[in-house]
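These notes are about the structure you will find just below.
Every number in this text was worked out from the coordinates using simple rules, so none of it is lab data. Treat the numbers as computed from the prediction; the structure is a model and nothing was measured. So basically every Cβ, Gly included, is an ideal-geometry build from the backbone, and we count neighbours across all protein chains shown.
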Amino acid sequence: MNTVKNHYDQQLASVYSWMAGTPEGALKRNQDFFRQLRIDSKRGLAIDLGTGSGFQSIPLAELGFSVLAIDFCAALLSELSDRAKHLPIRTVHDDILNFPHYVEEPAQIIVCMGDTLTHLESLHSIQSLLLNVERALAIGGNLILTFRDYASVELQGTQRFIPVQSDQSIILTCFLEYHEDTVEVYDLLHRKDGEQWILSVSSYPKLRVDRNWVCDQLQKAGLQVVQNEMINGMICLVAQKL
Ligand SMILES: C[S@@+](CC[C@H](N)C(=O)[O-])C[C@H]1O[C@@H](n2cnc3c(N)ncnc32)[C@H](O)[C@@H]1O
């Protein structure tokens, strides 16, 4: 079975930012999102767990945070560095479970957004991440999680084929195969080569994470859930260290 890391390294990294439409659009959406949450009145350290190409790290740095941006995909980190040369963003190439090794001061905000949480190997990994988040946050600091609901929703039949993005030379389609605790995500990437379309297929498992279970784990870790809603098709939980 393929690993999440291999999947990003070999299939998704090369099209990740393209998948979002324009990078500018994704950056603006997150900037507006952070402003709505009124976190722009804070300053200090922000930690971005699973930063990808920086769709949260860049707006956070532009709002005045110094950002620790962690991801295990080197190609996406290098894209982030190219896009954000002038900003106070420190990139770290490692597993997000190791993030405490790189934290030198209490964080005002920690984000794990864009469905990164479901990429972890097990529910136990999520529990351990949340405990470390609580330790790393300053009093009054916030954690923001956004992730997809694969737990209460199970697409059926042809609904499981999802057109993600396309242009004249690339088509990305996703196919979901549900298991009890995970959903196997197949990315079907068609690339035009002259007159021919070349297909490459790769898959990786995502966890089916229940929203109420995450709220319970946040509480157990000592974080209070202050916001719980759906935003742009994703569950959005904001928790605070009191
Ligand atoms: C769906 S993308 C989200 C990226 C970004 N947060 C966004 O919203 O565009 C998930 C990211 O998490 C990274 N990732 C997944 N599991 C990880 C892990 N255990 N450690 C480090 N990075 C991980 C992937 O490489 C990828 O960049």
Scan of the stretch 57-98 for residues that are basic (K, R) and within 13 Å of the ligand (Cβ to nearest atom), ordered by number: R83
Total residues in the stretch 153-184, condition within 21 Å of the chain's Cα centre (by Cα), more than 15 Å from M19 (Cα to Cα) and among the β-branched types (V, I, T): 3
Pair list, Cβ < 7 Å and 6+ apart or interchain, from the stretch 142-159 residues that are in contact (Cβ under 8 Å) with a residue 60 or more places away in the chain to residues that are of a type in the set (S, T, N, Q) and within 14 Å of the ligand (Cβ to nearest atom): F147/T118; R148/T118
E121 being under 26 Å from S57 (Cβ atoms), within 16 Å of the ligand (Cβ to nearest atom) and of a type in the set (D, E): yes
